[in-house]
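Worksheet for the structure shown next.
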Amino acid sequence: MKLNAIKPAAGSTKKTKRIARGQGSGSAGTAGRGHKGAKSRSGYSKKIGFEGGQMPLQRRVPKFGFKNINRVEYKGINLDTLQKLVDDKKVKEVTPEVLQENGLASKKDRIKILGRGELSASLTVKAHGFSATAKEAIEKAGGSTETV
């Protein structure tokens, strides 16, 4: 086998269509772009959402609502999750760092403890927020809550 004798498999390659290369090529004159209009011109690019001059959808539909830039997002963690953490890992204190280590929250998350489920272990819980039911349940189980 010689490197100069290597050829691609039969039928695997095609010749590229050479557009606008004289009348004999079969695609001269308009170069495969049809007749006149913006699409036949060089440098043409359609704007996003352009509908041929018709009022585009994003302008036909009315605006509504707003995004509150001061909104604070919390990552909710329920009591049953904390109980599972105690059962599996035998932790006595729950902090944002402990939750990060166990994959329940990321570094920048603000954590709020929510009241779903039962808590039987007495825990010291440090978080950014607590629901009233969660705070009550933690203290009822003999634990304490601390807002970070």
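What follows is calculated from the coordinates using simple rules that are stated; it is not laboratory data. Everything quoted here is computed from the prediction, not taken from an experiment. Every residue, glycine as well, gets a Cβ built from its backbone with ideal geometry; the counts of neighbours run over all protein chains shown.
A few notes on this one:
- The stretch 1-50: number of residues that are within 30 Å of Val61 (Cα to Cα) and in a loop (DSSP other than H, G, I, E, B): 8
- Residues that are surrounded by 10 or more Cβ atoms within 10 Å (Cβ to Cβ) and either closer than 30 Å to Phe130 by Cβ or more than 43 Å from the chain's Cα centre (by Cα) (or both) do not occur anywhere in the stretch 43-64.
- Flag for Ser27 being more than 41 Å from the chain's Cα centre (by Cα) and of a type in the set (Ser, Thr, Tyr): yes
- Among residues of the stretch 132-143 that are of a type in the set (S, T, N, Q), those with a Cβ under 9 angstrom from a residue that is in a helix (DSSP H, G or I) and surrounded by 13 or more Cβ atoms within 10 Å (Cβ to Cβ), sequence gap 6+ or separate chain, pair up as Thr133/Leu79.
- Number of positions in the stretch 106-137 that are over 33 Å from the mean Cα position of the chain (by Cα) and either surrounded by fewer than 14 Cβ atoms within 10 Å (Cβ to Cβ) or under 14 Å from Lys75 (Cα atoms) (or both): 2
- Residue selected from the stretch 67-105 under the condition among the β-branched types (Val, Ile, Thr) and in contact (Cβ under 8 Å) with a residue 24 or more places away in the chain, by the criterion surrounded by the most Cβ atoms within 10 Å (Cβ to Cβ): Val94
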